[in-house]
Ligand SMILES: NC(=O)c1ccc[n+]([C@@H]2O[C@H](COP(=O)([O-])OP(=O)(O)OC[C@H]3O[C@@H](n4cnc5c(N)ncnc54)[C@H](OP(=O)(O)O)[C@@H]3O)[C@@H](O)[C@H]2O)c1
């Protein structure tokens, strides 16, 4: 086992709750010595962290599907790491694992915290570590179960997905195509839209920054919208509501356009379209499907292998860049799943 006594763990903690976009002042940068695991525990060295829009919600002191991060706590983050010390027979030094590691270089997980951390060994033959944070990881599972369980696309139907070039969006559109539906993305900028169509095989993509979403939907969804997978909320949701078909399914996955609001969240104005069209909107929280992740991982790993699915990650290096890197999600600078590389 490696000598851990000389190692220092650099951490980023929540220092204050943000109003609007988080700034550097919302974080504190701390260090502590790296400790040996006690019986039954493991020590994991962080390689990659998943940066997620949900992190903004976890910084608020409000009731949600998960408790907020406390002031002074290490910021919550999922990640991929390597076991560097183990007193648990289920994990060996050198194993690659996925777990809630937090925004820090080393994560000591006691035996009674293993389940809560969600730790599991990843099979690097199925995908690279960053793919395990994307298509094979939490965003991929969100796209898979949100689309398949709630959206329930049928062959020939039209599926629209916003945030199409992002982590969840790329899975949703590609999966919709694999299942025989038409996939129409909505994304910010020509480069993202071109990639979604030319590389991922979506049927079309509407650039909401470069033109009218209303006109784009009219042009690219001539038969209306059967499934809308909503990642952004706000005005785009209202535009799609205006074009849904009878019995349409709207998957409420996220509303990133609203996460940094200092005013109350803007709800849909066109909701009576649900009544007229006998349609429904349903929220999804990915963790509810944890028992079924292995089935989805096996299916999606097959698509990665046979080339029917691609997985694009936007990897930024350096733990210290976390405060600024996180903001890429909210200004649309990330192109693909945003990942922070902490160690090589
Ligand atoms: N319910 C769940 O269990 C669950 C799980 C995971 C994620 N989510 C949600 O899924 C959504 C996507 O997450 P992700 O990890 O895949 O992020 P992502 O799409 O990889 O990154 C966020 C993207 O959102 C877009 N965006 C930012 N501000 C926007 C605005 N004002 N209007 C429209 N688009 C905006 C940007 O893309 P453009 O350049 O295209 O604007 C940005 O790249 C988020 O709402 C997230 O909270 C939910």
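The values are calculated or read from the model by the stated rules, or taken from the named source; none is laboratory data. The structure displayed is predicted, hence computed values, not measured ones. Counting neighbours? That spans all protein chains shown, and the Cβs are built from the backbone with ideal geometry, glycine included.
Observations on the model:
- Search result, residues across segment 97-122 that are surrounded by fewer than 19 Cβ atoms within 10 Å (Cβ to Cβ) and under 20 Å from the mean Cα position of the chain (by Cα): 100, 116, 118, 120, 121
- Residues in segment 212-253 that are more than 17 Å from residue 169 (Cβ to Cβ) and out of contact with any strand residue (DSSP E or B) (no Cβ under 7 Å at 6 or more places or on another chain): 212, 214, 215, 218, 219, 222, 235, 238, 241, 242, 246, 247.
- Test for residue 141: is it at pLDDT 95 or above and surrounded by 19 or more Cβ atoms within 10 Å (Cβ to Cβ): yes
- Verdict on residue 222 being exposed (fewer than 13 other Cβ atoms within 10 Å of the Cβ) and away from the ligand (no atom under 11 Å from the Cβ): yes
- Highlighted here are the strands (runs of 3 or more DSSP E) found entirely within segment 1-115 that include at least 2 residues which are more than 23 Å from residue 344 (Cα to Cα): 27-33.
- Just one of the numbered conditions (1) crowded, with 20+ Cβ neighbours inside 10 Å; (2) touching a helix residue (DSSP H, G or I) at 6+ places or on another chain (Cβ under 7 Å) is not true of residue 297: (2).
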